[in-house]
Amino acid sequence: MFLKDHYRSSSVNIISPACKSPIAMRRILKSLGAVRKVHGARAMDIAQKEKAVFVSGMSSAGNSKSVIHRGAGVATEEMAGDMPPRRASGLNKPTVWNEFTPLARATSAVNLGQGFPDCPPPAFVARAAAAAFQNPQVSMYAPTRGHPRLLEAIARKHSSQLKREIKGTANVLATVGASEGIFLAVQSFVEEGDEVVVIEPAFDLYFSSIQMANAVARHVPLRSKSEQPSSSSELHIDMDELESAFSQKTRLLILNSPHNPTGKVFTQDEKEQIARVLRKYPDCLVLSDEVYEHLTFDGAKHVPFAATAPDMWDRTISLYTFGKTFSATGWKLGWAVAPVNLIQRMVNIQQHIVFCVPHPIQEAAAEAMESAEKPYEGSSSYYEYVTDTFNRKKDKLLDILRKTSLVPMDPEGGLFIMCNTTGVKAFVGKLPEEEEAIISAGNLEIDPSTRNLSDYNFCRWMTMDEEDAAGFQEPVVGVTDFSITGSSSCDYSDSSCAPVHDESSSRMQLYSRSG
C-alpha cells in the first residue's frame, strides 16, 4: 500500500538488498505497473548502508519522487520534495514509542509507559500455544471471519455479558489485535469529510485511523469539578459539551471504558445519558473500546456499552483483546462483537487487508479462553484472578507514588495511573542535556515538535536523572505492569491535572529509574 500510494508510475528504479527474492521484487514492480532500471551508485550505497528498500520514480503527476523506506518501527525518509497523500501526512514522524522505548532500554529505566502486562502468560496459555503450533489442522489459512472454535468461545463469553444470544458465525470477527479492529471500524463506516467524536485524552491510534479515512475528529474532554481529582470516578463528560460536538456529519462516537489513560469506568447512568444524545443522531454508530474489561478495581464493574439499552446494541461495535488479559500482547489477537450487518461490512474489508488472523494463534486462544472459565489459583476463574492480582498491584504502586512529590489519581480500571507533576521542584521544564547529546550524536530520534513540551520533557527527565527524579525514596519493584502517565489535551477543570500540551492526539507516559 505504501508503494502504491507513492508510485503509480511508468518508470521506477528500485535497489533492494532487503528484498533478495527476484520473485518478490517482480511482484512489487508488477504492483506498481513499472519497468525495472539500474539506479545510481549513491542510491546503492545508501540502500546497502541502511539495509533498506530504495525507490525512485516519476509520479503520475510528473513529479520526481525518491523514498528510502527503512522498515517497521523506523520513520520513512521522504526526499526530493515528495508530498505524501493527505491521509498519510505526518505519519512518518517519530512516535513516542520510537523515542522512549529505546531511551528506557539504553538508560536501564523501568518502562512504565506501555499498556501491557510484563509477566509471562499463565502456563495453560503457553501449553495451548505449544499444542496449536504442532497441530497440522490449523497450519493453513483460517476463515476471514475467524477460526470457528475461537468464534464460539467468544460468543459464549459475550452472550452472558450482553444478555443476548451472540452467534460466532454472525456477530464476531477475529482481528489482528484491537488496533486492527479500530482501523476496520473506521474504514468500514466513515467516509471522507465525515466526523468522529472522541473522548479525550485518548489512545493515539484512534486519530491516525480517522486521518487515514480523510475524516475529521471532534474532541470532547473529560472534566472534573476539582482541580486535583483523587479518583478517576470524579471525571465526567459534560453532556452539553458532548452534544455540541455532534452534527449531521457525525458517523462515529469512540468510547473507551475502562478508559485509557485515566482509568475512568463509565457508570450505567453516564452511559444512559450518552445514549440519549445518540438517539438524536440515528446515523451515528458507536465504537466501544473495551480491551481492559477485566481490569477493574475497588468494586467498579465493567458493563458493555452495547448492553446499555436494546437500541444501543443495534449501533455498537465492541472491541476486545486477548493480549491484555492473558499477558500475550505479542499474539496480536483481538475481536469485534456487533450486529450481523455491521460485522459483515468489517469482514468484507478485512479479507482485502490481512485476509485472516494467524490460525494457530486463534486455536491456542480458543483453548485458553475455555480454560480461563475454570477455577484458577484459588479464584473462581482466571478472569477473577486477573482482576484481583492487578488490584493489588495498583494499590502497591499508588502507595509508592504517594511517598513522592507526584500526586496520583486512583484509577477505577485499566493499566495506567495519572499523576500531577507540578510538585516536582527539581524538574526545570527543558529537554535534558544528556538526551540532547544522544540526539545530536544521531543515536535517538524524536519528534521535533515535542522538544519544548513540558510533559514530554518531564518523562525525558525522569528517564535520564537517577538522583532527583520525582523524589522517589525507594525503587518501583514488582509493579511494572502499571503505567504512570501525564495528560494530553484534556483539561479536567480550569486548572489542568498535569502539564498539558496542545497536540490532542498524543499520550504521554512516565518512566522512572530503578533503584
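The largest accessible area among TYR292, TYR141, TYR385 belongs to the first residue in TYR141, TYR385, TYR292, and the rest follow in falling order (1.4 Å probe, all chains). Taken one residue at a time, the phi angles of the stretch 417-431 give Karplus couplings (6.51, -1.76, 1.60, θ = phi - 60°) of 10, 8, 10, 7, 9, 5, x, 8, 6, 6, 7, 9, x, 9, 5 Hz. Gly and Pro are set to x. With a ≥ b ≥ c taken as the square roots of the eigenvalues of the C-alpha gyration tensor of the stretch 134-197, please select rounded if a/c is under 1.5 and otherwise prolate if a/b is larger than b/c or oblate if it is not? Note, shape of the stretch 134-197 comes out oblate.
For the peptides 157-163, 204-210, the ranking by mean Cβ contacts within 10 Å, running from highest to lowest, is 204-210, 157-163. Around the amide H of ASN256, modelled in the peptide plane, lie the amide H atoms of ASP289, all under 5 Å away and 5 or more residues distant in sequence or on another chain.
Remark: the stretch 294-305, residue by residue, has Karplus-estimated 3J(HN,Hα) of 9, 9, 10, 10, 6, x, 5, 10, 8, 10, x, 4 Hz, where x stands for each Gly or Pro and the curve is 6.51 cos²θ - 1.76 cosθ + 1.60 at θ = phi - 60°. Annotation: peptides 179-185, 420-426, 354-360, 134-140, ranked by per-residue average of other Cβ atoms within 10 Å with the highest first, follow the order 179-185, 354-360, 420-426, 134-140.
Here's how it looks for LYS264: its modeled amide H is under 5 Å from those of HIS259, GLU412, which are all 5 or more places away or on a different chain. Which values of log₁₀ I(q)/I(0), to two decimal places, follow from the Debye formula for the stretch 77-193 at q = 0.10, 0.12, 0.14, 0.23 Å⁻¹ with a uniform point scatterer at every Cα? Results for the stretch 77-193 at q = 0.10, 0.12, 0.14, 0.23 Å⁻¹ read -0.60, -0.84, -1.04, -1.29. Shape analysis of the stretch 92-140 yields a ratio of the Cα radius of gyration to the Kirkwood radius, Rg/Rh, of 1.22. Under a 5 Å amide H cut-off, with hydrogens placed 1.01 Å from N, MET418 pairs with MET409, THR485 among residues at least 5 apart or on other chains. Stokes-Einstein diffusion for the stretch 257-388, with the hydrodynamic radius set to the Kirkwood value over Cα pairs and evaluated at 37 °C in a medium of 0.692 mPa s, equals 199 µm²/s.
Scoring 361-370, 239-248, 122-131, 294-303 by mean Cβ neighbours within 10 Å over their residues and listing the highest first yields 361-370, 294-303, 122-131, 239-248. Coupling constants for the stretch 208-219 follow from the phi torsions by the Karplus curve (6.51 cos²θ - 1.76 cosθ + 1.60, θ = phi - 60°), and in residue order they are 5, 5, 5, 4, 5, 8, 6, 9, 10, 8, 10, 9 Hz; glycine and proline get x.
The values are calculated or read from the model by the stated rules, or taken from the named source; none is laboratory data. Predicted model, so just to flag it, every value in this text is computed and none were measured. Note that each Cβ is placed from the backbone with ideal geometry, even for glycine, and that neighbours are counted across all protein chains shown. With ligands, DNA and RNA removed, areas are computed over all heavy atoms of the protein, side chains included. Shrake-Rupley method; radii C 1.70, N 1.55, O 1.52, S 1.80 Å.
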